[in-house]
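The values are calculated or read from the model by the stated rules, or taken from the named source; none is laboratory data. As the structure is a prediction and not an experimental result, all values here were calculated from the model. Cβ placement follows ideal geometry from the backbone for every residue including glycine, while neighbour counts extend to all protein chains displayed.
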Amino acid sequence: MVEIDLGIVHHFIGDDLYAKQMRLPADHRAVTHKHNFSHISVLSKGTASVRVDGVQETYHAPVFVEIKAGKEHEIIAMTDTTWYCIHVTDVKDPNKVDHTLIERD
């Protein structure tokens with residue numbers, strides 16, 4: 001797998017809202033992972049498939065996608081995309097937020 005720069009931007013909003021913005025080029029994917037908490041994702045640009053627990057669905061921007069807690073998921077860019085993952089958390093450190101939100105086996 002080739003590593004690419006996803007152009008990640010961290011948005012900390014108010015006391016407990018966090019949005020992770022990333023740009024996925026066509027034919028790339030965000031690796032499979034799970035979150036400790038349910039969250040909303042927003043596909044704001046492009047077309048992407050989302051595989052949740054082995055079930056894949058294709059979305060066209062703009063669209064909101066709910067991801068339930070503990071569900072293994074990955075994002076597959078069909079075109080160049082801009083994707084946001086929006087979480088409730090009081091963590092404000094970009095170096096610690098993934099560790100708090102991503103479920104560890």
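Tabulated data for the structure shown
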{"item": "Every residue from the range 1-51 that is over 19 Å from Thr100 (Cβ atoms), in contact with a His (Cβ under 8 Å, 6 or more places away or on another chain), among the aliphatic types (A, V, I, L, M) and at pLDDT 95 or above", "result": "Leu43, Val50"}
{"item": "Enumeration of residues in the range 41-96 that are surrounded by 14 or more Cβ atoms within 10 Å (Cβ to Cβ), in a strand (DSSP E or B) and of a type in the set (A, V, I, L, M)", "result": "Val42, Leu43, Ala48, Val50, Val52, Val65, Ile67, Ile75, Ile76, Ala77, Ile86"}
{"item": "Where a residue in the range 39-51 is at positive phi and its partner, wherever it lies, is of a type outside the set (A, V, I, L, M) and surrounded by fewer than 20 Cβ atoms within 10 Å (Cβ to Cβ), with Cβ under 7 Å and at least six apart", "result": "Gly46/Thr79; Gly46/Asp80; Gly46/Thr82"}
{"item": "Residues (touching a residue at least 60 places away in the same chain (Cβ under 8 Å) and surrounded by 17 or more Cβ atoms within 10 Å (Cβ to Cβ)) located in the range 24-38", "result": "Lys34, His35"}
{"item": "Considering residues of the range 1-23 that are of a type in the set (A, V, I, L, M) and within 12 Å of Trp83 (Cα to Cα) only, the residue surrounded by the fewest Cβ atoms within 10 Å (Cβ to Cβ)", "result": "Ile8"}
